[in-house]
Every structure is written in structure tokens, then in C-alpha cells.
1. Please work out which residue is farthest from the chain's Cα centre (by Cα), limiting yourself to segment 98-116 and to residues that are buried (at least 24 other Cβ atoms within 10 Å of the Cβ) and farther than 23 Å from Pro223 by Cα.
2. Restricting to segment 320-355, what's the tally of residues that are part of a loop (DSSP other than H, G, I, E, B) and closer than 25 Å to Ser144 by Cα?
3. For segment 277-284, indicate whether the set of residues that are closer than 19 Å to Asn121 by Cβ, in the same structural domain as Ala101 (by TED's automatic domain parsing) and not in a helix (DSSP H, G or I) is non-empty.
4. Do we have Trp4 as closer than 30 Å to Thr267 by Cα, modelled with pLDDT under 95 and not assigned by TED's automatic domain parsing to the domain that holds Glu332 here?
5. Does Asp166 satisfy the condition of being within 26 Å of Arg351 (Cβ to Cβ), among the charged types (D, E, K, R) and either in contact with a Phe, Trp or Tyr (Cβ under 6 Å, 6 or more places away or on another chain) or modelled with pLDDT of 95 or more (or both)?
6. Condition check: closer than 24 Å to His215 by Cα and surrounded by fewer than 21 Cβ atoms within 10 Å (Cβ to Cβ). Does Gly66 satisfy that?
7. Criterion first (in the same structural domain as Val210 (by TED's automatic domain parsing) and either assigned to a strand (DSSP E or B) or within 23 Å of the chain's Cα centre (by Cα) (or both)) does Ala119 satisfy it?
8. Does Arg44 satisfy being at pLDDT below 95 and outside any helix (DSSP H, G or I)?
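The values are calculated or read from the model by the stated rules, or taken from the named source; none is laboratory data. Everything quoted here is computed from the prediction, not taken from an experiment. A quick note on method: Cβ atoms are made from the backbone with ideal geometry, for glycine too, and the neighbour counts reach across all protein chains shown.
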Amino acid sequence: MERWVERVEAELEAIRRADRWRQPVDVDVDVGVYGEVPDAVTGRVEGRPMVSFASNDYLGLTRHPGVVAAAHAALDRWGAGSGASRLVVGSRPVHSELEAALARWKGTEDAVLFPTGFAANLGALATFGRAEVTILSDELNHASIIDGCRLARATVQVFRHRDLDDLARRLAAVDGPALVVTDSVFSMDGDGVDVASLSRLAAEHDALLVLDEAHAVLGPEPPAGAEGPILRIGTLSKTLGALGGFVAAPRPFVDLLRNAARPFIFTTALTPADTAAALAALRIVESPEGVALVARLRRHVDRFRPGHPSPILPVVLGSEAEARRAAATLAERGLLVPAIRPPTVPPGTSRLRVALSAAHQDHQVDALLAALDDIVPGGLAAVRAGLDHTYRSGAA
């Protein structure tokens with residue numbers, strides 16, 4: 001027992017010495033922040049008013065009245081929890097309704113829900129990454145994809161970030177079934193893949209393509225009528241502002257997930273409130289209101305970096321100390337922008353990660369742009385220049 005305590009304390013001390021200690025920061029909301037009703041981006045941190053540029057709530061739907069009302073109605077009808085896994089007695093009509101709506105939204109035959117997007121990646125990659133399969137994974141893929149690859153019994157190869165030539169060479173050398181997995185938008189850099197070319201390449205080699213679309217609120221979309229099978233993995237916690245994950249795919253692939261994916265079979269079903277909230281949010285996304293929210297988000301992004309493919313805008317500062325100093329300076333101005341440091345990103349690429357939302361008001365974006373112009377070396381010109389992808393993570 002004593003040896004374990006010593007081991008844990010030594011590991012904690014190593015984290016502190018590396019200046020990588022982390023602690024959750026509670027963000028609260030109240031009426032009257034900036035003279036407005038609480039929304040998805042205003043709140044308080046340690047009592048101080050703050051505008052968050054850190055959330056993945058890209059359309060601001062977490063506090064949308066229709067989404068909140070749907071969650072309340074589900075609580076009243078079905079209670080707080082589902083009580084069991086979907087295959088026992090945990091499935092409610094709202095689960096099936098959401099799965100059908102997600103399949104329609106993604107243009108697939110079927111969809112299956114998971115408790116989180118992380119679990120969806122674990123379930124999909126472990127189910128289809130059997131021992132005879134070779135998984136080819138982008139080197140900057142999200143941690144959930146990396147862990148899914150580790151959980152799978154497949155052979156795993158890591159290809160250079162967004163390098164289709166490297167991927168093509170590796171696919172040509174694979175003997176047996178292949179699976180290509182990638183984020184469609186990468187969570188720390190906000191860059192996207194060429195989904196059309198990737199889809200064609202996977203089809204040429206009869207490879208299963210797995211796309212994690214968690215951050216793809218502005219695209220890219222897979223091509224219509226793709227030749228090969230595509231698994232579209234998403235979350236309910238970002239664009240849709242609730243909680244959960246899903247896989248949308250051809251029906252046989254979804255059927256196999258329902259019968260073989262351990263994170264689906266052996267976990268309690270998503271709560272009715274989260275499920276109903278996501279369903280209400282999806283209906284908003286598909287409505288004229290949703291179209292307007294996406295357009296507003298697009299305008300915010302273009303003010304920072306015209307044509308950038310996502311609401312994730314990295315401001316790379318290099319050292320961990322510089323990134324933390326910049327984040328602290330922004331916080332003093334009432335702007336919450338996280339400093340992202342190793343091991344989340346490679347050493348020497350510590351950064352501010354700006355995440356924009358349709359819930360942001362123009363004056364809030366103005367304030368952030370002015371602050372970055374003051375504190376970032378090179379000012380807004382450097383911010384708008386974006387990230388030069390010259391590093392390699394080797395993380396997968």
C-alpha cells in the first residue's frame with residue numbers, strides 16, 4: 001500500500017516540476033452579466049465576469065430555450081436516468097427517434113447512440129479493428145481515436161498529418177483489410193481534411209473510412225454517393241450542445257455495433273434529458289434559425305482568419321510559460337481563452353486556443369481581437385497568419 005502512495009506522489013511531483021499541473025476551473029452563470037440574460041458564453045470565474053472563448057458549444061445551443069425545455073419535458077416523462085443499457089431496459093422512444101433523425105441528418109441508413117463521442121470512437125475502432133485489419137491513423141488524431149486504436153486488436157500505422165500521398169503508399173502495401181481513421185476537423189489546430197480526395201483514396205483500396213466529425217460544424221461534408229463505406233462519428237456535445245456520441249453509417253455496420261461494440265452493450269443508456277435536448281437542437285440546426293446561426297459563426301471566424309475551415313483558431317506562442325502568461329492577461333480583461341500545453345500539443349507549440357460561437361456578440365469579438373493585437377507578438381497580422389504545420393506529434 002505504501003509503495004503505491006509513493007508512486008502516485010512521485011508522478012504528481014513530476015507533473016508539478018514540469019509546470020503542467022492542471023485543475024478544473026468552475027465557470028458559473030448568472031443574470032445580469034454584461035447587462036444580458038445568461039447565454040452560452042458569458043459567466044463568472046472566481047466571481048469575476050468573463051466571456052468564454054473556450055467552449056465547443058459552437059452554435060450556442062446549450063442554453064437555447066427550446067433545447068432546455070425539451071430536456072425538462074424528458075425529465076418529467078422519463079426521469080433522470082435510463083436505468084440500464086439499451087439492450088436491457090434502458091432504451092426509450094426518444095433514443096430511437098434521435099438515432100433516426102441523426103441518420104437523416106448525416107444521409108446514412110442508420111445511426112447508433114453512445115454515451116459520449118469518446119465512447120463512440122472506442123466502440124467503432126475496437127469493433128472493426130479486428131486482428132486481421134490494419135488501421136491507418138492520422139498522426140494528429142484526437143485522443144479518443146488514439147485510445148480506440150490501442151483498444152483494437154488491429155495493426156496500427158500512423159500516417160503524416162493530412163498527407164494523402166503518405167497514406168496512399170501505406171494503403172498500397174497493406175495485405176488484408178484496411179481501415180482509415182481521421183478527424184475531419186482537428187481539435188487543436190482547427191484545420192480540416194480533403195474529405196472528397198480521402199474518400200476516393202479509401203474506396204480505391206477497399207478501405208473502411210472512419211471520420212470523426214466532432215468539430216465539423218462548418219464542414220467538410222463527405223461527397224454524395226461515395227463509392228466506399230464511411231462511418232461518420234459525431235458528438236451531441238458540440239454542435240448540438242447536449243451530451244453523447246453517435247455513429248452514422250450503412251445499416252449493416254450499425255447493426256454490428258449494436259451487437260458487438262462493448263461501450264454500447266455494457267453501459268447505461270444516455271439519459272433521456274440529454275437525448276431529448278440533442279433531438280431539439282438537431283431540429284434547430286436543420287431549421288432556418290440553424291442556418292442563420294451557422295452563417296453568424298462563419299462571419300465571426302472570417303473576422304479572425306478569412307476562409308479558415310472551423311471555429312477553432314490556434315494562436316501558437318511556443319513556450320508553455322508564454323501561453324500561460326497570455327491566457328492570464330486575457331483573463332484580467334474578462335476573456336477566458338485557455339492555454340493549451342503539452343502533452344495535449346507537442347513541446348514548443350503551446351498556444352491559445354480560441355473557440356468561437358454563434359452566441360458571441362460582435363462587441364465581444366471586438367474585445368478579443370483588440371486584446372490579441374496587444375499581447376501577441378506581431379499583433380493581429382500574426383493571429384491571422386495561422387498555424388504553420390511543421391511539427392509532428394507522433395502521438396498515435
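1. Going through the qualifying residues, I end up with Leu98.
2. Our first condition is that a residue be part of a loop (DSSP other than H, G, I, E, B); within segment 320-355, this holds for 333-334, 337-338, 341-349.
Remaining after also requiring closer than 25 Å to Ser144 by Cα: 337-338, 341-349.
Counting residues in segment 320-355 that are part of a loop (DSSP other than H, G, I, E, B) and closer than 25 Å to Ser144 by Cα gives 11.
3. Quick first cut of segment 277-284, residues closer than 19 Å to Asn121 by Cβ only: 278.
Next cut, in the same structural domain as Ala101 (by TED's automatic domain parsing) only: 278.
Those still in the list that are not in a helix (DSSP H, G or I) too: none.
No, segment 277-284 has no match at all.
4. Details: closer than 30 Å to Thr267 by Cα: yes; modelled with pLDDT under 95: yes; not assigned by TED's automatic domain parsing to the domain that holds Glu332: yes.
So Trp4 passes the test.
5. Working: within 26 Å of Arg351 (Cβ to Cβ): yes; among the charged types (D, E, K, R): yes; either in contact with a Phe, Trp or Tyr (Cβ under 6 Å, 6 or more places away or on another chain) or modelled with pLDDT of 95 or more (or both): yes.
Yes; evaluated as a whole, the condition is true for this residue.
6. Yes; evaluated as a whole, the condition is true for this residue.
7. Values: in the same structural domain as Val210 (by TED's automatic domain parsing): yes; either assigned to a strand (DSSP E or B) or within 23 Å of the chain's Cα centre (by Cα) (or both): yes.
Yes: the conditions hold for Ala119.
8. Criteria met by Arg44.
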